[in-house]
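The values are calculated or read from the model by the stated rules, or taken from the named source; none is laboratory data. Keep in mind that what you see is a predicted model, and the values were worked out from it rather than measured. Glycine also receives a Cβ, built like all others from the backbone with ideal geometry; neighbour counts cover every protein chain displayed.
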């Protein structure tokens with residue numbers, strides 16, 4: 001009798017364990033915006049304010065590595081400018097957008113030189129990376145600043161491999177103006193652009209980069225004058241250019257903005273807030289950072305955002321959501337969880 005009971009208990013435990021495993025696997029096969037995401041080693045993913053590059057059927061996710069104590073410098077109290085010391089830019093790689101391998105710090109801080117742009121006391125934000133087929137180099141642009149955000153430079157680094165190490169080159173004030181929040185966009189013709197907040201965030205600049213993508217060419221345009229934006233994103237779909245950004249409210253969320261144009265140089269037509277669902281008026285308590293395509297599918301785009309935790313920046317979360325379109329207007333619907341099956345109709349038939 002005892003043997004039968006013991007056998008019954010074992011069978012029940014096996015069934016429960018299998019059920020739990022299946023549930024875990026099913027949950028892991030989905031994207032859960034706003035939750036803690038773990039890498040393949042079980043550690044929280046640490047890649048904030050970043051972007052994703054697709055290269056040779058592999059996704060590379062670059063972002064700010066935020067570790068250590070969050071603190072508020074006296075110079076930044078008027079706008080809640082919390083920060084952590086700079087440690088570098090981290091990279092993760094994935095084949096399926098679900099399992100992410102930590103490739104380590106591909107651009108490291110330089111603690112031994114207080115004057116260096118990458119010293120822990122400085123600011124390194126919103127790194128974006130793209131592969132230049134002309135030079136066969138991986139180019140990273142980022143926002144470089146002083147602790148009080150008054151330096152307002154753009155920094156550039158380069159590498160031979162997507163996983164680095166990236167060699168830091170320099171920082172500049174492009175077009176003779178300040179540069180803060182920024183992104184990078186590569187057009188179909190191979191030309192690359194930086195899009196960034198300038199004139200104390202009052203105006204967005206779109207600057208064409210040199211052929212090697214390491215300098216600004218001198219050709220640029222000022223757009224959205226006096227609209228005060230940051231967290232800019234630019235992507236292309238169906239021959240049209242799309243723009244996303246937020247207002248300027250420090251770490252606190254606000255309604256997302258969007259716009260469309262037939263040319264990268266404009267004119268840009270504002271479309272309003274593309275978010276729909278609970279807390280859409282606050283961008284789901286997040287802020288835009290990038291949009292990237294799903295490999296192997298047409299017209300399949302994923303919105304990337306950050307849900308900042310200003311008093312504990314290392315605990316900031318990620319918001320990834322599929323983009324859909326109604327004519328020329330983009331929509332970003334809130335989903336508690338989702339998977340790539342939302343793009344099944346976009347599969348490329350080989």
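Would you call residue 104 closer than 26 Å to residue 295 by Cα and at pLDDT 95 or above? For residue 104, the condition - closer than 26 Å to residue 295 by Cα and at pLDDT 95 or above - is met. Only one of the numbered conditions (1) in a loop (DSSP other than H, G, I, E, B); (2) buried (at least 19 other Cβ atoms within 10 Å of the Cβ) is violated by residue 67, and that is (2). For region 215-232, what are the residues that are over 17 Å from residue 263 (Cβ atoms) and touching a helix residue (DSSP H, G or I) at 6+ places or on another chain (Cβ under 6 Å)? Across region 215-232, the qualifying residue is only 216. In region 325-350, the residue that is modelled with the highest pLDDT out of those that are loosely packed, with under 13 Cβ neighbours inside 10 Å and in a helix (DSSP H, G or I) is 341. Could you grab me the full set of residues in region 70-100 that are closer than 25 Å to residue 54 by Cα, assigned to a loop (DSSP other than H, G, I, E, B) and in contact with a strand residue (DSSP E or B) (Cβ under 9 Å, 6 or more places away or on another chain)? 87, 95, 96, 97, 98, 100 - these are the residues of region 70-100 that are closer than 25 Å to residue 54 by Cα, assigned to a loop (DSSP other than H, G, I, E, B) and in contact with a strand residue (DSSP E or B) (Cβ under 9 Å, 6 or more places away or on another chain).
For the residues 322, 314, the requirement of being in a helix (DSSP H, G or I) and either in contact (Cβ under 8 Å) with a residue 40 or more places away in the chain or surrounded by 15 or more Cβ atoms within 10 Å (Cβ to Cβ) (or both) singles out 314. If the condition is being in contact (Cβ under 8 Å) with a residue 40 or more places away in the chain, assigned to a strand (DSSP E or B) and under 17 Å from residue 155 (Cα atoms), then region 199-229 contributes 206, 216, 218. Condition first: surrounded by fewer than 20 Cβ atoms within 10 Å (Cβ to Cβ), part of a strand (DSSP E or B) and under 20 Å from the mean Cα position of the chain (by Cα). Can you find one or more residues in region 148-164 that meet it? Yes, the conditions are met somewhere in region 148-164.
Taken together, the residues in region 187-196 that are surrounded by 23 or more Cβ atoms within 10 Å (Cβ to Cβ) and part of a loop (DSSP other than H, G, I, E, B) amount to 0. Of the residues 112, 35, the single one that is within 19 Å of residue 340 (Cα to Cα), out of contact with any helix residue (DSSP H, G or I) (no Cβ under 9 Å at 6 or more places or on another chain) and part of a loop (DSSP other than H, G, I, E, B) is 35. Of all the listed residues (20, 109), the sole one being under 23 Å from residue 155 (Cα atoms) and either more than 22 Å from the chain's Cα centre (by Cα) or at pLDDT 95 or above (or both) is 109.
Exactly one residue out of 104, 49 is in contact with a strand residue (DSSP E or B) (Cβ under 8 Å, 6 or more places away or on another chain), under 30 Å from residue 297 (Cβ atoms) and surrounded by 19 or more Cβ atoms within 10 Å (Cβ to Cβ): that is 49.
Could you please let me know if residue 171 is under 22 Å from residue 122 (Cα atoms), in a loop (DSSP other than H, G, I, E, B) and touching a residue at least 24 places away in the same chain (Cβ under 8 Å)? No; evaluated as a whole, the condition is false for this residue.
Quick grid of which residues meet (1) surrounded by fewer than 16 Cβ atoms within 10 Å (Cβ to Cβ); (2) closer than 29 Å to residue 116 by Cβ; (3) touching a helix residue (DSSP H, G or I) at 6+ places or on another chain (Cβ under 6 Å):
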{"residue": "171", "(1), (2), (3)": "no, yes, no"}
{"residue": "185", "(1), (2), (3)": "no, yes, no"}
{"residue": "198", "(1), (2), (3)": "no, yes, no"}
{"residue": "234", "(1), (2), (3)": "no, no, no"}
{"residue": "239", "(1), (2), (3)": "yes, no, no"}
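Consider residue 251 carefully, then state whether it is surrounded by fewer than 21 Cβ atoms within 10 Å (Cβ to Cβ) and more than 15 Å from residue 178 (Cα to Cα). Yes: the conditions hold for residue 251.
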